[in-house]
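The values are calculated or read from the model by the stated rules, or taken from the named source; none is laboratory data. Small disclaimer: the values here were computed from a predicted structure and weren't measured. No Cβ is skipped: glycine too gets one built from the backbone with ideal geometry, and neighbour counts run over all protein chains shown.
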Amino acid sequence: MDEVLWRRIEAFGDRLAPTDVARLHRDDLELFVKMESANPSGSAKDRSAFWIVREAVRRGEITRGTTVVESSSGNFALALAKLCRSLGVPFVPVIDPTVNTPTERLLRESCTRVEKVDRPDDAGGYLGGRLARVAELRARIADSYWPDQYSNTDAVRGHYELTGGELVGALPRIDYLFVGVGTGGTIAGLSRRVKAANQDATVVAVDVEGSVIFGGPPRRRHIPGIGSGIRPALLDHALIDEVLVVSERDEVDGCHTLLRDHGLFAGGSTGCVYAAVGRYFESYRGPPPVVAFLCSDRGDPYRNTIYDPNWVATTFAQKRVRTS
Ligand SMILES: Cc1ncc(COP(=O)(O)O)c(C=O)c1O
């Protein structure tokens, strides 16, 4: 193990402060949101990036001579960029055209090299292309490390210990947990931790139309953060009771409702989850259950998409023409 790097990552971990759990006022639910958007790089991915890299440093897989290479649609890359910079380790993100413009700008400012895949793969997404580019780069770089966020169980552990530990510490009872799924790391860690503390809790996985995670047909998606062109291996570690699939149009509406009703300026996956909560409890008439979800990232990177009325009108008008 590289002792210098270990001290650096421990220092980074000491600064990774717990995030707040806030109450959102609704008559029908006791609704709580954990503000993962308050993490250092702005998303829940700071937790998985930290745990994955820390364990790789512990195992001697990352030293000061290593280049980290990873495929990401945005947030995991931002988290790794911040972490690797503070460790003094080079990081090459492999991104695609669905990345938000502000996220891409930030990555280009903080990493010496950014790789962008521009052609969709057979599933209509970019994941296959991004992973192929990661493999090419690794073949050319002498000492590289690939976190492999799609199957690295350290991501699950990170969310179990950090995100999940803080959530159950803040809420003595949780009846329902709603989690958006991409790599499955968040839902795997959180579902295990929440069910360990509340054995009757119902875990609802939320996905977006066009994603193949829960067996739906692949289709072009426009908003990064949620959904995937593959069924990620980490999902096998998740304890899921129900699945809700939301359209991208409803995802956008979920974001706008969160902002209008609760003043929460959140990214797409959070809007998707909020839309799923609304749909799930539409005809519920019992005593208000305790419902928890994450604010996985901030709305800022989505100003030119979800929060731009012209983008919304153009994107979803085109879609109607194509599918009719
Ligand atoms: C904003 C946001 N929400 C949700 C997710 C899904 O989390 P996971 O990949 O752990 O399933 C991601 C993943 O990148 C994300 O960036």
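The table below lists the values:
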| read-out | value |
| --- | --- |
| Qualifying residue in segment 122-141 (condition: within 30 Å of V291 (Cβ to Cβ), outside the structural domain of G210 (by TED's automatic domain parsing) and within 16 Å of the ligand (Cβ to nearest atom)) | no |
| Selected residue (only one of F91, F76 is free of Cβ contacts under 8 Å to residues at least 40 places away in the same chain and either touching a helix residue (DSSP H, G or I) at 6+ places or on another chain (Cβ under 9 Å) or surrounded by fewer than 17 Cβ atoms within 10 Å (Cβ to Cβ) (or both)) | F91 |
| Residue count, segment 171-209 (criterion: of a type in the set (A, V, I, L, M), part of a helix (DSSP H, G or I) and more than 16 Å from the ligand (Cβ to nearest atom)) | 2 |
| Condition broken by S41, with the remaining ones in (1) surrounded by 24 or more Cβ atoms within 10 Å (Cβ to Cβ); (2) part of a loop (DSSP other than H, G, I, E, B); (3) within 16 Å of the ligand (Cβ to nearest atom) satisfied | (1) |
| Selection within segment 44-71 - of a type outside the set (G, A, S), within 16 Å of the ligand (Cβ to nearest atom) and assigned to a strand (DSSP E or B) | E70 |
| Residue check, D27 more than 17 Å from F178 (Cα to Cα) and either among the hydroxyl-bearing types (S, T, Y) or part of a loop (DSSP other than H, G, I, E, B) (or both) | yes |
| Residue that is surrounded by the fewest Cβ atoms within 10 Å (Cβ to Cβ) [pool: residues in segment 232-247 that are more than 14 Å from the ligand (Cβ to nearest atom) and under 30 Å from P309 (Cβ atoms)] | S247 |
